[in-house]
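Where a number appears in this text, it was derived from the coordinates with a stated rule and is not lab data. Computed from a predicted structure; not experimentally measured. Cβ coordinates were reconstructed from backbone atoms using ideal geometry, including for glycine residues, and neighbour counts include every protein chain displayed.
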Amino acid sequence: MLVNAKDMLQKAKEGHYAVGQFNINNLEWTKAVLQTAQEQNSPVILGVSEGAGKYMAGFKTVADMVKAMIDELKITVPVAIHLDHGTYDGCMKCIEAGFSSIMFDGSHYPIDENVEKTKELVRICAEKGLSLEAEVGSIGGEEDGVVGMGECADPDECKAIADLGVDMLAAGIGNIHGKYPANWPGLSFETLEAVKNKTGEMPLVLHGGTGIPEDMIKRAISLGVAKINVNTECQLAFADATRKYIEAGKDLEGKGFDPRKLLAPGTAAIKETVKTKMELFGSVGKA
Ligand SMILES: [Zn+2]
């Protein structure tokens, strides 16, 4: 069932668990995440970056594929299709294409401009029934080979953006995208607690979920994180399983070259990763 993310995240925040956002890259990815959500009776958010949207031949192709798959696979758990780190233009395109949720990443704008653009999107999303995620304090990661350590958001700026009427807020708390460097100091729970105290009932979003130790994930959930984004971990699991299949020479046996066989171990690995995350986040059985 395609829904926006508002209710599922409010329920998660009240119930002290988190809903996973799993980024999708192709048909196998989408099917793996949807089937796992149904099997685990868990709500789920399918994340689509602008790059992935382009790769999959446009946001409309993605939205139509997801809707058709929900129908054909009889997916009854709540599913949101969400633009990840959208530009203002990207947000407009996804609203048009039929997404149920968007993230406007205005973290690189001065706070006044972030506020202005977020306000405009709050109005449009309310009108069209979409949920909206905003970001304060940029989330680090590898850029041009340099791994940033991840900023910590200003709790007052978080409150200013939260008060505009967004449905979920991503606040930088030292988290980064991609793999974490060995000398990463960990999440700043001090920042998270300050943000939570200022933003009250607002569901908070943790980006860069790959490689954060389990105890930190659980503590973050206890402090108001209701959505956790997972991307790299599924990519690594897919690549690893696919490499093993090829290295074992299985593509050379019989019809092992058939893409339905070649991509099967990677797809199964995504399902396993998603299941493990849903268990960790506590969303199993919460649909
Ligand atoms: Zn992110």
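A simple spin-label model places the labels of THR76 and LEU262 3.8 nm from each other, with each point 7 Å out along Cα-to-Cβ. Cα-based values for the range 61-159, radius of gyration first and Dmax second, are 15.8, 45 Å.
With a Förster radius of 41 Å applied to the beta-carbon distance between ALA57 and ASP215, the computed FRET efficiency rounds to 0.50. Here the range 260-274 is scanned for amide nitrogen atoms under 20 Å from the site 7 Å beyond the Cα of GLU253 along Cα-to-Cβ, giving 260-269. Think of the chain as a dipole: +1 on every Lys or Arg Cβ, -1 on every Asp or Glu Cβ, centred on the Cα centre; then among ASN23, LEU132, ILE270, ILE270 lies furthest on the positive end. Computed over the Cα atoms of the range 118-251, pair by distinct pair, the Kirkwood hydrodynamic radius stands at 16.2 angstrom. Phi angles of the range 99-115 translate, via the Karplus equation with coefficients 6.51, -1.76, 1.60 and θ = phi - 60°, into HN-Hα couplings of 5, 9, 7, 9, 10, 9, 9, x, 5, 8, 7, x, 3, 4, 6, 4, 4 Hz per residue; Gly and Pro are given as x. Across the chain, the longest piece that holds none of the trypsin sites (Lys or Arg not before Pro) lying in DSSP loops with up to 12 other C-beta atoms within 10 Å covers 75-254.
Considering only DSSP beta bridges with both partners in the chain, what is the antiparallel share in %, to the nearest 5? Percent antiparallel among DSSP bridges in the chain is about 10.
Two numbers describe the Cα atoms of the chain: Rg and Dmax, which are 18.4, 62 Å. Under 5 Å from the amide H of ILE228 lie the amide H atoms of VAL19, GLY20, GLN21, LEU206, each residue being 5 or more positions distant or on a separate chain, with H modelled from the backbone and absent for Pro and chain starts. Using Cβ point charges alone (K and R +1, D and E -1), the dipole size of the chain about the Cα centre works out to roughly 1060 debye. Evaluated with a Cβ-only charge set (Lys, Arg +1; Asp, Glu -1), the range 163-287 carries a dipole of roughly 320 debye about its Cα centre, given to the nearest 20. When the C-alpha to C-alpha distance is required to be over 20 Å, the pairs from LYS67/LYS275; LYS227/LYS286; LYS93/LYS128 that qualify are LYS67/LYS275. Can you list residues from other chains, or at least 5 along the same chain, whose modelled amide H is less than 5 Å from the amide H of SER101? Amide H neighbours of SER101, under 5 Å, 5+ apart: ILE81, LEU83, SER131. For the residue pairs LYS74/LYS196; LYS54/LYS159; LYS74/LYS250; LYS54/LYS271, the C-alpha atoms sit more than 30 angstrom apart in LYS74/LYS196; LYS54/LYS159; LYS74/LYS250.
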